[in-house]
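So the structure is just underneath, and the comments pick up after that.
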Amino acid sequence: MMESDQSIEQQDSPLVLVVDDAEDTMRLVVKTLQVAGYRTLWAEDGATGLVIAEKYQPDAIVLDIQMPDMDGFTVCEQLKSRMATADIPVLFLSGMDASDEVISRCYQAGAA
């Protein structure tokens with residue numbers, strides 16, 4: 001897990017956790033969020049993302065669907081099944097085609 005450097009003025013900004021195993025994608029998303037004024041945390045796999053989410057209680061989570069250790073659907077289901085993380089909005093990010101089946105699966109897993 002890594003946490004970005006933030007100025008004192010941004011300490012009240014919303015905190016977003018980005019979970020993605022593709023380093024280039026993760027860096028792009030993190031940088032885009034930071035430029036928009038968000039504080040960020042990130043994890044390179046689902047298991048680490050779950051731990052960080054429970055510990056830091058981010059305001060939102062951006063979650064990749066396809067990851068090697070556990071897919072984003074499983075991570076989201078686990079987040080939603082835990083009292084400490086159940087209310088955190090989850091937004092899926094993926095290079096997969098946005099078929100009705102994939103979109104439906106995102107919502108079934110608990111995506112916002």
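May I ask you to list the residues in segment 26-50 that are exposed (fewer than 13 other Cβ atoms within 10 Å of the Cβ), hydrophobic (A, V, I, L, M, F, W, C) and part of a helix (DSSP H, G or I)?
Passing the criteria: only 35.
Considering only segment 63-112, how many residues are among the acidic types (Asp, Glu) and buried (at least 19 other Cβ atoms within 10 Å of the Cβ)? Before the answer, list the steps.
Keep residues of segment 63-112 that are among the acidic types (Asp, Glu), which gives 64, 69, 71, 77, 87, 97, 100-101.
So of that shortlist, the ones also buried (at least 19 other Cβ atoms within 10 Å of the Cβ) come out as 64.
So the count comes out to 1.
Of the residues that make up segment 86-97, is at least one touching a strand residue (DSSP E or B) at 6+ places or on another chain (Cβ under 9 Å), over 18 Å from residue 54 (Cα atoms), among the hydroxyl-bearing types (Ser, Thr, Tyr) and assigned to a loop (DSSP other than H, G, I, E, B)?
Yes, segment 86-97 contains at least one residue that is touching a strand residue (DSSP E or B) at 6+ places or on another chain (Cβ under 9 Å), over 18 Å from residue 54 (Cα atoms), among the hydroxyl-bearing types (Ser, Thr, Tyr) and assigned to a loop (DSSP other than H, G, I, E, B).
Can residue 77 be described as among the charged types (D, E, K, R), assigned to a helix (DSSP H, G or I) and either at pLDDT below 95 or under 13 Å from residue 20 (Cβ atoms) (or both)? Explain how you work it out, then say what you get.
Details: among the charged types (D, E, K, R): yes; assigned to a helix (DSSP H, G or I): yes; either at pLDDT below 95 or under 13 Å from residue 20 (Cβ atoms) (or both): no.
Spelling it out, it is not the case that residue 77 is among the charged types (D, E, K, R), assigned to a helix (DSSP H, G or I) and either at pLDDT below 95 or under 13 Å from residue 20 (Cβ atoms) (or both).
How many residues does segment 51-62 contain that are crowded, with 16+ Cβ neighbours inside 10 Å and either in contact with a His (Cβ under 6 Å, 6 or more places away or on another chain) or more than 14 Å from residue 21 (Cα to Cα) (or both)?
5
Could we say that residue 66 is at pLDDT below 95 and assigned to a loop (DSSP other than H, G, I, E, B) here?
Yes: the conditions hold for residue 66.
Does residue 56 satisfy the condition of being over 19 Å from residue 27 (Cβ atoms) and touching a residue at least 40 places away in the same chain (Cβ under 8 Å)?
yes
The values are calculated or read from the model by the stated rules, or taken from the named source; none is laboratory data. Predicted model, so just to flag it, every value in this text is computed and none were measured. As a convention, Cβ positions derive from the backbone with ideal geometry for all residues, glycine included, and neighbour counts pool all protein chains shown.
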